[in-house]
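What follows draws every value from the coordinates through simple rules; no lab data is involved. Note that the structure is a prediction, hence the values are computed from the model and not measured. Here Cβ is always computed from backbone atoms with ideal geometry, including for glycine, and neighbour counts include all displayed protein chains.
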Amino acid sequence: MVRKAVYPVAGLGTRFLPATKAVPKEMLPLVDKPLIQYTVEEALSAGIEVAVFVTGRGKRAIEDHFDRAWELEHSLESSNKLELLEEVKKISEMIEVVYVRQGMPLGLGHAVLRAKEAVGDEPFAVILSDDIVDADKPCIGQLIEVYERFNAPVIALKRVPDEEVSRYGIVKGVKVEEGIFRIEDMVEKPSVEEAPSNYAIVGRYVLTPDVFEKLEKTRPGKGGEIQLTDALREMAREGPFYGVVFEGEHFDCGSKLGFLKAVVHFALKRDEFRMEFLDYLRTLVI
Ligand code: G1P
């Protein structure tokens, strides 16, 4: 059973400066809900019970977001805004949260390794809140199903065009059935020439605890950072390792364009202003 999800949230968010000077990038909202809440709700609906946030300096807003806010709750109660009160309380009761600090931003692999003690000796999920997936079945749940069938680590895959391969980890794999690949190798952010395929890793992983030993041995790679992809590559070379081309719509909210598309997508799902917003968007189409 996969009970815990690790959320690396210590990144500096430089791509979204100045918005992220004082606000963690994970707290940027799609309409009115921060990115991190979308991914925590995804984990919850896949049966995950504990969120391990690997955090760092300037990320206190994330802790406050998942905590009780008694002054706010009191104020909403006295002004009889009961729906909002429920909404706000729900977040603090959503999931059990554990915090560990990364200290230095030495890479995604380093962040995941910091969660070793909190995870212990059990399989676990890693969820990157930059990647938002809108799906009928939660994306991480789709991976957990494959993990349970094959009893081996699983990562989320998406086919990307040539011009995007250098933004992702890219895998080499053999198709074992519709939408499922056995992974043989992977490269972190390769050039088009180096890329072994067009299948990119999206930020959802189900890993086994042996990844921690691999991470302890992983030297700095691409960009001088300890890359999760490099540790997973070793695992895939040594034993079974799977990739799932998940169903659902993916938004790369680590890029401004991806973020804007996600805002429009989630805004159009809201009954309260869908029609008016659509009318507005139509006025922009030439
Ligand atoms: C990380 C991983 C990369 C993966 C990507 C998905 O990169 O290192 O392999 O494809 O997430 O979002 P980052 O976006 O953190 O640079």
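Considering region 225-242 alone, what residues qualify as being within 15 Å of the ligand (Cβ to nearest atom) and in contact (Cβ under 8 Å) with a residue 24 or more places away in the chain? Walk me through it before giving the result.
Initial filter on region 225-242 (within 15 Å of the ligand (Cβ to nearest atom)): 225-236, 241.
Matches in region 225-242: Glu225, Ile226, Gln227, Leu228, Thr229, Asp230, Ala231, Leu232, Arg233, Met235, Ala236, Phe241.
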Which listed residue is within 22 Å of Pro138 (Cα to Cα), away from the ligand (no atom under 11 Å from the Cβ) and buried (at least 17 other Cβ atoms within 10 Å of the Cβ), from Val245, Val206, Val202
Val206
Determine the pairs where a residue that is of a type in the set (D, E, K, R), located within region 183-202, has a partner that is more than 12 Å from the ligand (Cβ to nearest atom) and not in a strand (DSSP E or B) with Cβ atoms under 8 Å apart, the partner being 6 or more residues away or on another chain.
Glu184/Ala236; Glu184/Arg237; Asp185/Pro196; Asp185/Ala236; Asp185/Arg237
I need the full set of residues from region 173-195 which are within 14 Å of the ligand (Cβ to nearest atom) and under 22 Å from the mean Cα position of the chain (by Cα), in order please.
Ile183, Asp185, Met186, Val187, Glu188, Lys189, Pro190
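State all residues of region 100-115 that are touching a strand residue (DSSP E or B) at 6+ places or on another chain (Cβ under 7 Å), within 12 Å of the ligand (Cβ to nearest atom) and small (Gly, Ala, Ser); if no residue qualifies, say none.
Initially, region 100-115 is screened for residues touching a strand residue (DSSP E or B) at 6+ places or on another chain (Cβ under 7 Å), giving 100-102, 108, 111-112, 114-115.
Okay, now just the ones that are also within 12 Å of the ligand (Cβ to nearest atom), so 108, 111-112.
The one that is touching a strand residue (DSSP E or B) at 6+ places or on another chain (Cβ under 7 Å), within 12 Å of the ligand (Cβ to nearest atom) and small (Gly, Ala, Ser): Ala111.
Among the strands (runs of 3 or more DSSP E) contained in region 60-175, which hold 3 or more residues that are touching a residue at least 60 places away in the same chain (Cβ under 8 Å)?
Values: elements: 96-101, 124-127, 131-134, 154-159.
Of the strands (runs of 3 or more DSSP E) lying wholly inside region 60-175, those with at least 3 residues that are touching a residue at least 60 places away in the same chain (Cβ under 8 Å) span 124-127, 131-134, 154-159.
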